[in-house]
Structure formats: C-alpha cells, structure tokens
1. Add -39500 (n - 2.57) for each DSSP H run of 4 or more in the chain, then divide by its residues: what number comes out at 222 nm, to the nearest 500 deg cm²/dmol?
2. Determine by what factor the alpha-carbon radius of gyration of segment 22-123 differs from 2.2 N^0.38 Å, reporting the quotient.
3. Report the convex hull volume per residue for the chain, counting only C-alpha atoms, in Å³.
4. Within the set of other residues whose C-beta is less than 10 Å from the C-beta of Gly164, count the net charge using Lys and Arg as +1 and Asp and Glu as -1.
5. Considering only protein heavy atoms and a probe of 1.4 Å, how much of the accessible area of segment 138-277 is carbon and sulfur, as a whole percent?
6. Return one whole number: the accessible area per residue of segment 99-193 in Å², for a 1.4 Å probe.
7. In a GNM of the chain with a 10 Å cut-off on Cα contacts, which of Asp15, Asp189, Asp229 has the highest mean-square fluctuation?
8. Give a quick list of GluC sites (Glu not before Pro) in segment 52-125 that DSSP marks as loop, anything other than H, G, I, E or B, with at most 15 other Cβ atoms within 10 Å.
Amino acid sequence: MTTLLSVPNISEGCDRELIEEIAAAFDARRLDVHTDPDHNRSVVTVAGAPGQLSRAVLDGARAAVQRLDIHQHEGVHPRVGVIDVAPVVYLTDAERGAASAEALVLGDLLGEQLELPVFLYGALGGGRTRAELRRGGPVRLAERIASGELEPDFGPRRLHPTAGAVLVTARAPLLAFNVELAPPATLEDAKAIAAAIREGGSEGLPSVRTLGLWLQRRGVAQVSLNVEDHHVVTLAEVVDSIGRHAQIGEAELVGLAPAAAFAGFPANIYVPNLATFEDALARSL
C-alpha cells in the first residue's frame, strides 16, 4: 500500500506543552517532531495513506489555527502563517502522482474548512518558490492579494485574521539542515557564507537555498539551509563548502532525511538528532 508523508511547519517553537497538543492533533502515524525556539518553529512529520493523510493534516492544522496567532509570532524564520507550509512528500517517483493529488485535496480542505488562503508552490505552483511567497511576511502578502497581484489557489482572497496563509505542494524529500559556526563568527559572516554557497552564488551549490541567521539564545551564527535535491548535492559537499569559510561548531537536521543524504558525511561534525525516514517508518509499523 502506498504511504505518503506530510511535513507541516508550525509557527511555534517555544511552548513545549502547546507544541505537543498541536502535534498530537495530526491524527496519523507521527514519525518526528522537531522544535527550535530561535526559529520559533516546529516541524511535524506524519505518514498516511492517500485519502487519509490530507484529513489528518487538516485536523492538526485546525488545532494550530485555534491556538496560535501569527501576529504574536517572533522568530528568525520567515513565515506567512501559523501552519506556514504543509507539503505532501513522496519517497519514490512512482508515488509522485498520488502525492500531487493528495496535496490538491489538502489545499482544498484547508481553504474550505479552515478558511485559509492556500498558495501552491513548487511543481504544483508553476515553479514559484516559498521565498517568493514569504517575502515581506503576512503584511506584504496581504497587500499583494488586495492589489490583485496574487490570488490564492484555494480558500478566501484574504488572509485569515489570526492564522495568515498556508503554502502547499507535493515534493520529494527536502533536507532542512542548519550549520552553526564556531565563535567568533558573526551574523555578517553567516550571511556572507549563505550568499556564496546558495544556488546562484559565487560558489553556487545546485538546489541549495540558504539564510544567514543569529541565534540569540545560543549566541552563535548559523547558516540555515534547504537542500532540495540530495541526489544533486550531498550534505557532505554542503558542509565542505561552509568549512572553507569558517570553522563549524555542530550541525542540526530539521525533521528527517533519507539515509542516502548522509553518504560520505564527515565523522568529525556532530549532528545530535540525525534520524532517517527509513528508520522512522520501520519503527512506526
């Protein structure tokens, strides 16, 4: 039987009890919950069959909408809603069609039942990116909707008053990976490295999206990355590129990753929360 994944990102990363309440509302096989207070964001990974997964994500999204207010959110991660993104993930090309259909069903449910404006991105959104939709945050997105520049694919033509908007797609596994720079690296150092190594930068790594951030609670600079295709560039290549610019402290995997993504990864870089889709799915059976 086909198993699909969804990786909803919740704009809350500080209140552990609240995070658990919302994560528990995703009525599906829960594989992982990753929380980061500096980003003020939690990433929930759930698995389910086509026709069931979208309903499970709807239940969790409803809990987030009832409990969170995007206008009260503070954190370094860009966002446009309390359920900021809710991608449906396929692990094999054979599941791409089922994932695309499930993502469209999910978008319709979120728009109709929760009155969230839903924007498709990636392959389902004609190639537009999350960064393009998030630029300027909820305020700018509301202005673009009001002016007619953007129109939601599902749901009302206005932001939800407290929950904002949600971005939906179907995609292969994306690697969310954060690399802390050892002191005395600064925010400016992190931004410069991020600009150099991202796709289109002076040392551009294909399929790599980056941000340079400062984590106030830890007092360290961080290069925050999305690797959109680990077959094109490995995490080993990413950390090698960063290491040519600055000493690396430790790294952090956000959520889960395919085991193959860590092929050749250097043993001297500590990743405390390394977990794979394969292991998590096997444990959940």
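1. Calculated from helices alone, the mean residue ellipticity at 222 nm is -9500 deg cm²/dmol.
2. Scaled against compact globular proteins, the figure is 1.06.
3. Hull volume over Cα atoms, normalised by residue count, gives 124 Å³.
4. Here the count lands on -1.
5. Whole-percent figure for carbon plus sulfur exposure: 53.
6. Each residue of segment 99-193 exposes 42 Å² on average to a 1.4 Å probe.
7. Asp15
8. Listed in order of number, the matching sites are Glu74, Glu115.
The values are calculated or read from the model by the stated rules, or taken from the named source; none is laboratory data. The model shown is predicted, which means the values in this text are computed figures rather than measured ones. Virtual Cβ from ideal backbone geometry, glycine too; neighbours counted across all protein chains shown. What goes into the accessible areas is simple: the full protein's heavy atoms, side chains included, and nothing from ligands, DNA or RNA. Shrake-Rupley method; radii C 1.70, N 1.55, O 1.52, S 1.80 Å.
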